[in-house]
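Before any comments, here is the structure.
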Amino acid sequence: MEKALTQSVILANGVKIPQLGLGVFLVKEENELIQAVMTAVLDGYRHVDTAMIYGNEQYVGEALKGLEISREEIFITSKVWNYDHGYEETKAAFQASIDRLGVDYLDLYLIHWASPHYIETWKAMEELYNEGKIKAIGVSNFQIHHLEDLMAHSTITPMINQIETHPEFPQNELHDFMKQHGIVHEAWGPLGQGKNDLLNNPVLVKLGEKYNKTAAQIILRWHLERGVVVIPKSVTPHRIRENAAIFDFSLTKEDMAEIATLNTGTRYAKDPDDEAFLLESSIRPN
C-alpha cells in the first residue's frame, strides 16, 4: 500500500480531517463504487464522504472491509437526510447509517440541508457526539443565517460546513464567517460538477501549463491553499490518482489572485434557501 495522503485540517475539537477525500455522490452501481473506493484507499486516500440519500453506504462499507486497513485509519463521513430530521428520527437514521457501513462510529456526521427541525436533529447529534459515537459533527449547505440560528440554540458549534465551492463560486463571505467562528470549510462540487466549462478556462489552462498540471489539479490546489477540505468525486482510477497529485506544488499569491477573477457568483446546484425544496425533501416517501 502506498504512502497515505496525510495532509489534514484540524477541527475545533482537535480531530484531524484529511484535506483530500473521495466523494461518492451519485455513484449507485455497486461494483463501480467498490472499485473506486478500493482504488482510492490503495492510492493513499484516507477519507471517504457518503450520505444516506446517496444509497451507497453499504457499498462503501463493503469496499473498506475488502481492504487490509484498520478502521482508525479511515475517516468516514455520512449525512442525515431531510426527512430524517427530528430528535428520535436522527438517532435512528444514524444507527441505520453505521449499520449499513458496518462500523461502530462515524468520524463525521453532517446535517445534509437546513430543512425543518434541524435544531432537534442537532441536539441528537450533540448527544451522539458526547457518547463517542461520532468523532466530529457538522452541517452541509448551511448559509450564514442558518449557522447563526444553530449556534444560538446549541452547546456545540458545527465543526465543519460542507458547501458547493469552486472558482466561479468561492463563497467568500461564508468562508470568512466560518473562519471567524472556527468552522472548517469543506467543498463539494469542487470542480463545478461538470456543469460549466471551468476545466477549459484559459486562466486555469495557463496555470496548468506553468506547473505541468491539469486545470482540475490547479483548482484542487486552489482549494487546499484556501485551507478548504475537498472531496472530488470520481470512479475512474486514473482520475482518482490525478486528483491526489496536488501536494507537490504550491500556487503563488499572484496565481490565487488570477483565479479570484473567475468568481461569477454562479451556483450550479440547489439554493440552500429554496424553501420549496427544503419542505418537499423533508416529507418521507410512502
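Is the shape of the range 181-227 best called rounded, prolate or oblate, per the rule: a/c under 1.5 gives rounded, else a/b larger than b/c gives prolate, else oblate, with a ≥ b ≥ c the square roots of the Cα gyration tensor eigenvalues?
Oblate.
If contacts are Cα pairs under 8 angstrom and at least 6 residues apart, what is the relative contact order of the range 1-280 in percent?
The normalised contact order for the range 1-280 reaches 19 percent.
Any of K123/K179; K28/K206; K65/K213; K206/K233; K28/K210; K28/K135 with alpha carbons more than 30 Å apart? Name them for me.
Pairs exceeding 30 Å: K28/K206; K65/K213; K28/K210.
Kindly rank 272-279, 73-80, 10-17, 33-40 from highest to lowest mean number of other beta carbons found within 10 Å of each residue.
73-80, 33-40, 10-17, 272-279
Among DSSP beta bridges lying fully in the chain, give the percent that are antiparallel, nearest 5.
Percent antiparallel among DSSP bridges in the chain is about 15.
Compute the Cα gyration tensor for the range 84-232, then decide on rounded, prolate or oblate, letting a ≥ b ≥ c be the square roots of its eigenvalues: rounded whenever a/c is under 1.5, prolate when a/b is larger than b/c in the other cases, and oblate in all that remain.
prolate
Taking R0 as 22 Å, what FRET efficiency do you get between K253 and I144 from their Cβ-Cβ distance, rounded to the nearest 0.05?
Using R0 = 22 Å, I get an efficiency of 0.25.
Tell me, what is the FRET efficiency for Q193 and R239 to the nearest 0.05, using R0 = 22 angstrom and their Cβ-Cβ distance as r?
0.95
Given labels modelled 7 Å from the Cα in the Cβ direction, how far is it in nm from E131 to D99?
Computed distance between label sites E131 and D99 equals 1.4 nm.
Between Q7 and T264, what FRET efficiency follows from the Cβ-Cβ distance if R0 is 41 Å, with the result rounded to 0.05?
E between Q7 and T264, to the nearest 0.05, is 0.90.
Highest first, please rank the peptides 256-262, 228-234, 23-29 by the mean number of other Cβ atoms sitting within 10 Å of their residues.
228-234, 23-29, 256-262
What net charge is computed for the residues neighbouring V37, neighbours being all others with C-beta under 12 Å from the C-beta of V37, Lys and Arg scored +1, Asp and Glu -1?
Neighbour charge sum, excluding V37 itself: -3.
Compute a Gaussian network model of the chain, connecting alpha carbons closer than 10 Å, and tell me which residue from D84, D49, D99 fluctuates the most.
Of D84, D49, D99, the Gaussian network model singles out D99 as fluctuating most.
Within the chain, which whole H helices from DSSP have a Cα span along their axis of at least 24 Å and a mean Kyte-Doolittle hydropathy of -0.5 or more, if any?
Counting only whole DSSP H runs, no helix qualifies.
Once you place label points 7 Å from the Cα toward the Cβ at A152 and E32, how far apart are they in nm?
4.4
How far apart, in nanometres, would the label points at I283 and E225 be if each is projected 7 angstrom from Cα along the Cα-to-Cβ direction?
4.7
Every number in this text was worked out from the coordinates using simple rules, so none of it is lab data. Everything quoted here is computed from the prediction, not taken from an experiment. Positions of Cβ are backbone-derived with ideal geometry, glycine not excepted, and every protein chain shown enters the neighbour counts.
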